[in-house]
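This report concerns only the one structure given below.
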Amino acid sequence: MRSVYLAITMFVTLISFSNNVLALEKLAHDNGESITYNFGHQYKIQSKILEEERQLLIYVPEEYIKSTEKFPVIYIFDGNKHYKHAVTTIETLQKNGQIPASIIVAITNNKGTHMRDFVNERDNFLNFVKQEVQSFVAKKFRVNGYKTLFGHSRPGALVLETLIKDPDGFDNYIAANPIISKALITKFEKLLNKNKLLDQSLYFSMGGVHDVGPNSVVLMKKLADLLHKKAPNSFQWKYQYFPQHVHHTTPNVSLYEGLAVNFTDYQDPIISSYQKFIDGNGMEGVKAYFRKRANKYETTDKVTTNTIAGLGFAFIEGNNEKEAVKLLNDVIKNIYPESIHLHRVLARSYEKMASYEQALKVYEKMISMAKQQNFTNIDYYESQLKRVKNKM
């Protein structure tokens, strides 16, 4: 009788298990497949300075894996809150040529340490960042010494304090909605009165008065006025007020804007006309810009396809299509023979000259290259080919 009971119990358990498996499979099916995304890795370091273990969230770009080059580092305070949006923001900027490919290091907080690290014992925390975190990153990763520091709210104020106490500690400083006092503005004034050569970049922002209160907005405006009056020309800075944002939405937009502003000398030059191209010493001037960029950021000095395409379109709009054809043919032949983007601009240049046979040949070549390179928008190029044929 006992064996019969056990058999029945096992059968019921098996049925119950099977039903649970089926239910989970149905739930997974109804919810779709899980999305995985590369958000980097987490590391733990034992801090002698803080006398505790701390966690770092670190992301490296695709370019890091594919090369042996060294990379800039963007350090993020309050990493628990800001790491995820920092990764997606920085990836977007990198892929569109707004900033160099960079390593992200987000320094997370331990429970109950926020006020200690960012207010009461902030000097101790900064020592931890400079001596232990940066040392760990330099040993673990290929870094080129170019550093950016980001913080929001009280950590944003610490970003400003860091700039005042040790300007050379970082190259770029970004403070979103920093909680500051009149005393901090006085410290800034003392720094500027020293007539010290500052070649760093600073970006700071403030959210709407309805959320942060009028006093915070007034203090930010005073800091901006002080910098406007006394900051040396070598010091690149920008302040933005976001009336439509609240305290906790400013970090996202501020990190994006701050990086885009601080890395303006990395971005492709905008040359709006053929005459400005000539006035800037032509291609020699363009190449000089990229050599200077390469020296600062330890990246390639190769002129980008976007820069050449921009020049081509500027020439076309200014009725200098012959010069555009000459430039594009030269660059395609010697630097970017497989660039579909540049071939497209070349075809447009020939069209502007009413050289439809030449344009047709370029579009045909583009379609062939697009098939070889597995482009998805071949139908667009085929439509352009048809359009040119109709003009002939």
Qualifying residues in the range 30-40 (those that are of a type outside the set (A, V, I, L, M, F, W, C) and touching a residue at least 12 places away in the same chain (Cβ under 8 Å)) - the one surrounded by the most Cβ atoms within 10 Å (Cβ to Cβ)
GLY40
Could you please let me know if ASP279 is more than 22 Å from THR148 (Cα to Cα), surrounded by fewer than 17 Cβ atoms within 10 Å (Cβ to Cβ) and not assigned by TED's automatic domain parsing to the domain that holds ALA175?
yes
From (1) acidic (Asp, Glu); (2) assigned by TED's automatic domain parsing to the domain that holds PRO155; (3) assigned to a loop (DSSP other than H, G, I, E, B), pick out the condition that doesn't hold for ASP268.
(2)
Selection from the range 321-354 of residues that are more than 15 Å from LYS302 (Cα to Cα) and without any contact (Cβ under 8 Å) to a residue 12 or more places away in the chain
LYS326, ALA354
Within the bounds of the range 153-164, is there any residue that is touching a residue at least 12 places away in the same chain (Cβ under 8 Å), assigned by TED's automatic domain parsing to the domain that holds LYS130 and out of contact with any helix residue (DSSP H, G or I) (no Cβ under 9 Å at 6 or more places or on another chain)?
yes
Looking at this structure, is PRO214 surrounded by 24 or more Cβ atoms within 10 Å (Cβ to Cβ) and assigned by TED's automatic domain parsing to the domain that holds LYS70?
no
Where a residue in the range 239-252 is farther than 18 Å from ALA86 by Cβ and its partner, wherever it lies, is of a type in the set (Lys, Arg), with Cβ under 9 Å and at least six apart:
TYR239/LYS221; TYR241/LYS221
If I filter the range 177-200 for residues that are in contact (Cβ under 8 Å) with a residue 12 or more places away in the chain, surrounded by 14 or more Cβ atoms within 10 Å (Cβ to Cβ) and small (Gly, Ala, Ser), do I get at least one hit?
no
Working carefully through the options GLY285, GLY207, find the one that is within 30 Å of GLY318 (Cβ to Cβ) and either in contact with a helix residue (DSSP H, G or I) (Cβ under 8 Å, 6 or more places away or on another chain) or not assigned by TED's automatic domain parsing to the domain that holds ASN80 (or both).
GLY285
Output yes when any residue across the range 239-251 is part of a helix (DSSP H, G or I), in the same structural domain as MET220 (by TED's automatic domain parsing) and either under 30 Å from LEU223 (Cβ atoms) or not hydrophobic (A, V, I, L, M, F, W, C) (or both), and no when none is.
yes
For the subset of the range 155-210 comprising residues that are within 21 Å of the chain's Cα centre (by Cα) and among the β-branched types (Val, Ile, Thr), which member is farthest from PHE77 (Cα to Cα)?
ILE174
Selection count, the range 250-288, where residues are under 30 Å from LYS322 (Cβ atoms) and not hydrophobic (A, V, I, L, M, F, W, C):
15
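Conditions (1) closer than 25 Å to SER153 by Cα; (2) without any contact (Cβ under 8 Å) to a residue 24 or more places away in the chain; (3) part of a loop (DSSP other than H, G, I, E, B), marked per residue:
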site	(1), (2), (3)
GLN42	yes, yes, no
GLN46	no, yes, no
ILE49	yes, no, yes
LEU56	yes, no, no
GLU69	no, no, yes
VAL73	yes, no, no
VAL87	yes, no, no
GLN94	no, no, no
VAL119	yes, no, no
Take the residues in the range 237-276 that are of a type in the set (S, T, N, Q) and touching a Phe, Trp or Tyr at 6+ places or on another chain (Cβ under 9 Å); name whichever of them is surrounded by the fewest Cβ atoms within 10 Å (Cβ to Cβ).
SER273
Would you confirm whether or not the range 143-165 contains a residue that is over 26 Å from LYS238 (Cα atoms) and either out of contact with any Phe, Trp or Tyr (no Cβ under 6 Å at 6 or more places or on another chain) or not in a helix (DSSP H, G or I) (or both)?
yes
Give the residues of the range 224-278 that are out of contact with any strand residue (DSSP E or B) (no Cβ under 6 Å at 6 or more places or on another chain), over 12 Å from TYR203 (Cα atoms) and of a type in the set (Phe, Trp, Tyr), sorted by residue number.
TYR266, TYR274, PHE277
Taking GLU25, is it surrounded by 12 or more Cβ atoms within 10 Å (Cβ to Cβ) and modelled with pLDDT of 60 or more?
no
Any residue at all in the range 341-364 that's in a loop (DSSP other than H, G, I, E, B), under 25 Å from GLU63 (Cα atoms) and not β-branched (Val, Ile, Thr)?
no
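The values are calculated or read from the model by the stated rules, or taken from the named source; none is laboratory data. Remember, it's a predicted structure, so these values are computed and weren't measured experimentally. A quick note on method: Cβ atoms are made from the backbone with ideal geometry, for glycine too, and the neighbour counts reach across all protein chains shown.
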